[in-house]
Structure formats: structure tokens, C-alpha cells
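Working notes, beginning with the structure itself.
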Amino acid sequence: MQPGRGVLLVAEPFLPDPNFFRTVVLLIEHNQEGTLGVVLNRPAAVRLQEATDFFGAVDYPLFIGGPVQPEMLHALHTLPALRERSQEVLPGLFWTPDMRALRSILAMRDIPSSALRFYAGYAGWRVGQLDRELLLKSWILAPAQSEDVFDPEPPQLWRKVLKRMGGQYAFIATFPEDPRVN
């Protein structure tokens, strides 16, 4: 498997970077300009309405999408009305940084959080950087599923994806966070 749109990066169990410790990153872009992805399994300590009043009184969870531009809000969604202002990542799953489009949709009706997730920041790599990290075995590549984005237990996603992959990956999912307590 090669990195590309719609592929997951699963952090190896002891990746020392605290920004990516046991994260699952959905790749949005991987091309000659670099790589952009969104960390799926890091809920923020605040909800969307506590972080911004741009959307009014909507009560959606907010996720930490990565360490790059933490002030940037964007969303992953399955909303057909936003297809024109979004980029398809997986069949029926879209990414949009167009907050005005999301605001207009949210104003019209209640949208379940199972169809829309908001992220602050993103994960980014310069050209060649992710390839080097893959050679160093910092990441495991996995096929993504739309359900991964809307998992009801995001902190458990790292283990779930590895178990789904089976074999040695299912074994890796059992590793303790701190090997000294094994």
C-alpha cells in the first residue's frame, strides 16, 4: 500500500512525537507539494461552540486535527449539499475547509454528529518527509473506512484499526502505552 488520499496512517506504538502518539491520520492529499492529513482520534477538551461563535449555538464535538495551523477549522462530512465545495476523500466522505458553506448548512437543519466532524488544525509533511518517516517505520499504512471518521469512541480508534488489520497488527494493538509497565 502507498500513501495517498483516503489512506490511514497509524502511528507505530512507541512513536516519540507527542503530537502523534497512537494517532490515526486520514490522508487528504499526498502529492508533489507535500502531504495533508487529519488526526481522527484526538477529541479536543472543548466543544465547537466553546472554541468559536462563528456557527452560533451548535453543539458539536471538536477534534484536534493536528499540530499545523491549530486556528484553522475544517470538517469531514457526508453531506451531499456540500459536495461542490468539498473534496471527496473516500466514496461519500468529503473534506471541506469552507466554513461559510458549513455555516449555511448548519443554519438550515440539525445535522447528526455522525455525518459531520469538525477539526482544528491538521497534520502536514513537506515533500519527501512522510516517505522518510515511512522508511523509518514510524507509520503503518491501512485502508480507511468512512466509519473510522465517525467512530463513537475516537480514543479507541488506534487499537480498532490495528485489530481490523489482523495478524501482527492485531498483536501490536495489545501493546501497553508504556512498555515499562508490561
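Between a residue in the stretch 14-41 that is closer than 20 Å to H74 by Cα and any residue that is of a type in the set (S, T, Y), which pairs come within a Cβ distance under 7 Å, given they are 6 or more apart or on different chains?
L27/T35; E29/T35; L36/Y122; G37/Y122; V38/Y119; V38/Y122; V39/T23; N41/T23
Looking at the stretch 1-60, which of the residues that are aromatic (F, W, Y) and touching a strand residue (DSSP E or B) at 6+ places or on another chain (Cβ under 9 Å) is surrounded by the most Cβ atoms within 10 Å (Cβ to Cβ)?
Within the stretch 1-60, the match that is surrounded by the most Cβ atoms within 10 Å (Cβ to Cβ) is F20.
Just a yes or no: is a residue in the stretch 109-122 within 19 Å of H74 (Cα to Cα), β-branched (V, I, T) and within 20 Å of the chain's Cα centre (by Cα)?
Yes: the stretch 109-122 contains one or more residues that are within 19 Å of H74 (Cα to Cα), β-branched (V, I, T) and within 20 Å of the chain's Cα centre (by Cα).
Can you name the helices (runs of 4 or more DSSP H) wholly within the stretch 70-165 that have at least 2 residues being farther than 17 Å from V38 by Cα and touching a strand residue (DSSP E or B) at 6+ places or on another chain (Cβ under 7 Å)?
Output list reads 157-165.
Can we say F171 is of a type in the set (F, W, Y) and over 14 Å from the mean Cα position of the chain (by Cα)?
Against the criterion (of a type in the set (F, W, Y) and over 14 Å from the mean Cα position of the chain (by Cα)), F171 qualifies.
Given the options A170, A101, name the one that is among the aliphatic types (A, V, I, L, M) and under 29 Å from S86 (Cα atoms).
Only one candidate passes the filter, namely A101.
Assuming A57 fulfils every condition listed in (1) among the aliphatic types (A, V, I, L, M); (2) modelled with pLDDT of 95 or more; (3) more than 11 Å from V38 (Cβ to Cβ) apart from one, which condition is it?
For A57, the failing item is (2).
The values are calculated or read from the model by the stated rules, or taken from the named source; none is laboratory data. Because the structure is predicted, anything quoted here is derived from the model rather than measured. Methodologically, a virtual Cβ is constructed for each residue, glycine included, from the backbone with ideal geometry; neighbour enumeration extends over all protein chains shown.
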